[in-house]
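The next block holds one structure in the form of structure tokens; read it before the comments.
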Amino acid sequence: MSKELGIKAKKENLSEWYEEVVLKTQLADYSPVKGCIIYLPYSYAIWNLIKEEFTKIIKDEVSEVYFPLFIPKKILEKEAKHFEGFSPEVAWVTRGGDSDLDEWLAVRPTSETIIYSYISKLIKSYRDLPLRIIQWCNVVRWETKATKPFLRGREFLWHEGHTFHATFEEAEEEMKKRIYQYKDFVERYLAIPVIAGYKSEYEKFAGAHTTTTIETLLPDFKALQCGTSHNLADNFSKVFEIYFQDKDGKNKLVFQTSWGFSTRLIGALVMIHGDDKGLILPPKIAPYQIVIVPIYYNEEEKNLIFQKVKEIENKLKQKYRVISDLREEYTPGYKFNEWEMKGVPIRIEIGMNELKNKTLVIHRRDEMKKEIIKEEELESKINTLIEEIQSNLFNKAKKFLDEHIYVANNFEEFKEKIDKGFVIANHCGDQDCEEKIKELTKATCRVIEFDNNKPFGDEKCVLCGKKAKYKAYFARAY
């Protein structure tokens, strides 16, 4: 930890503030390779909590696997649309040691092809379906745009789920199930509100029949895709010859889905909840939910207070993630500032007054408020605070999202509002029209809600004036 504590940049200068928060809270640091970061213990602890909590949700129906990092070029090229979509971002290995490779190897940009080239060995009969697998791993996409820790990089961590079904309808149901799980998880655990729905044909995953997404809005009014789920139909099964024998003994193609979210969720956590002092972490995903700081002025006081600190810690750690800051080389004020910067939801302060009066000082990070409670009230108070802080962070973020969703009835209104957040507008669904909107405004079609997507007003496309197919959310995005 640097001796120079505190965040100097203001959140209104978002890019500068974000970089300073990421570095000073020791979430991550830059590596020697542009676009690749070092995940330090604090961010990796957050990612592990995300993994652990989401795994609890899916563990009874999805099996964990791991496939190779390297994908032979001939396998990656097999599904033409998929390869076309990813080829600009693929990092290639062309030499091994001192020798040129006979065939180039792609460094995993995603694993559909390497998994599907193998999966027919596991699927022979309708009895083998549905099959659901997931892997938590890293992927590499040779991003050429400006990179930003967690939000946009050349290497990131994620999970990718892959499922295999007997019918298109089962795959469609699976796709929807996973995107709704993502929405619920991101909102309940990370306190990040999202909009769920379809991607447009232009924005969908390369090789997919349908792509669904959850999207949120960051403080710079740019959208962030927080997770996707795809119905691949039988597009990959045809190419990789993945068949099953049905109950009548007929060979049929398997239908598939894939779905995933990544460490960009950590970037969203930082940007959405943080303030001028640094991080504010939702309790459900904070590595430390509670920090206990002793306050003393001599050795005798120290011994008495340390004893009480350990007693309180042992009582709380049965249920919560707790750390006691017993470092003697730093003052209580320094520790307060440090843990506030690192976003720990609750701080407990114990000094001689608290010891004598059998009270505790409780500080909540989200509202920067203190209160004094009786020691006997501690457990019930902490339980209440955890829920209150989690809800408060979500409600604040939801208010920001709701206040920055606009409606555009024509393209002039669209251009006026697109730098302020999401703009809902009628769209014909034509790819050329969508590309033109992007060219003129740098905005893309982010999401089309599942149900509430019928065109409004005169039902004309906001740009070309043709009959609209649906209304959609547009925004500039990371």
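Across region 333-367, what is the total count of residues that are outside any loop (DSSP other than H, G, I, E, B) and either of a type in the set (Phe, Trp, Tyr) or surrounded by 14 or more Cβ atoms within 10 Å (Cβ to Cβ) (or both)? Reasoning before the result, please.
Just the residues of region 333-367 that are outside any loop (DSSP other than H, G, I, E, B), to begin with: 333-341, 346-350, 352-357, 359-364.
Those still in the list that are either of a type in the set (Phe, Trp, Tyr) or surrounded by 14 or more Cβ atoms within 10 Å (Cβ to Cβ) (or both) too: 334-341, 346-350, 352, 354-355, 359-364.
Final tally of qualifying residues: 22.
Output the residue which, of all residues in region 109-128 that are more than 25 Å from the chain's Cα centre (by Cα) and part of a loop (DSSP other than H, G, I, E, B), is surrounded by the fewest Cβ atoms within 10 Å (Cβ to Cβ). I'd like the intermediate steps shown before the answer.
The first filter runs over region 109-128 and keeps only residues more than 25 Å from the chain's Cα centre (by Cα), leaving 116-128.
Of the ones still in play, those that are also part of a loop (DSSP other than H, G, I, E, B) are 120-124.
On the way: SER120: 16, LYS121: 8, LEU122: 11, ILE123: 19, LYS124: 12.
By that ranking, first place goes to LYS121.
What's the total number of residues in region 79-107 that are of a type outside the set (Asp, Glu), surrounded by fewer than 17 Cβ atoms within 10 Å (Cβ to Cβ) and more than 21 Å from TRP136 (Cα to Cα)?
12
For region 233-290, please list each of the strands (runs of 3 or more DSSP E) lying entirely inside it that holds at least 2 residues being among the hydroxyl-bearing types (Ser, Thr, Tyr) and surrounded by 24 or more Cβ atoms within 10 Å (Cβ to Cβ).
Numbers: elements: 243-245, 251-253, 255-262.
Output list reads 255-262.
Name the pairs whose Cβ atoms lie under 7 Å apart, with the first residue in region 224-249 and under 21 Å from LYS124 (Cα atoms) and assigned by TED's automatic domain parsing to the domain that holds GLU172, the second assigned to a helix (DSSP H, G or I) and among the basic types (Lys, Arg), and 6 or more positions between them or separate chains?
So the pair list comes out empty.
Just checking, does region 437-452 include any residue being over 13 Å from ALA475 (Cβ atoms) and touching a Cys at 6+ places or on another chain (Cβ under 9 Å)?
There is no residue in region 437-452 that is over 13 Å from ALA475 (Cβ atoms) and touching a Cys at 6+ places or on another chain (Cβ under 9 Å).
Show the residue pairs that are 6+ apart or on different chains and have beta-carbon atoms under 6 Å apart, the first residue being within region 290-319 and more than 22 Å from GLU340 (Cβ to Cβ) and touching a residue at least 12 places away in the same chain (Cβ under 8 Å), the second being in a helix (DSSP H, G or I) and acidic (Asp, Glu).
none
Looking at GLU143, GLU170, GLU187, which is the one that is of a type outside the set (A, V, I, L, M, F, W, C), in a loop (DSSP other than H, G, I, E, B) and surrounded by fewer than 20 Cβ atoms within 10 Å (Cβ to Cβ)?
On the way: GLU170 fails: in a loop (DSSP other than H, G, I, E, B); GLU187 fails: in a loop (DSSP other than H, G, I, E, B).
Going through GLU143, GLU170, GLU187 in turn, just one is of a type outside the set (A, V, I, L, M, F, W, C), in a loop (DSSP other than H, G, I, E, B) and surrounded by fewer than 20 Cβ atoms within 10 Å (Cβ to Cβ): GLU143.
If we only count helices (runs of 4 or more DSSP H) wholly inside region 1-108, which ones have 1 or more residues that are over 18 Å from the mean Cα position of the chain (by Cα) and hydroxyl-bearing (Ser, Thr, Tyr)?
Answer list for region 1-108: 14-24.
Going residue by residue through region 193-202, is there one that turns out to be buried (at least 18 other Cβ atoms within 10 Å of the Cβ) and either modelled with pLDDT under 95 or of a type in the set (Val, Ile, Thr) (or both)?
Of the residues in region 193-202, the ones buried (at least 18 other Cβ atoms within 10 Å of the Cβ) are 193-200.
If we keep only those that are either modelled with pLDDT under 95 or of a type in the set (Val, Ile, Thr) (or both) too, we end up with 194-195.
Yes: one or more hits.
The values are calculated or read from the model by the stated rules, or taken from the named source; none is laboratory data. As the structure is a computational prediction, the values presented were derived from the model and not from experiment. Here the Cβ is made from the backbone with ideal geometry for all residues, glycine too, and neighbour counts use every protein chain on show.
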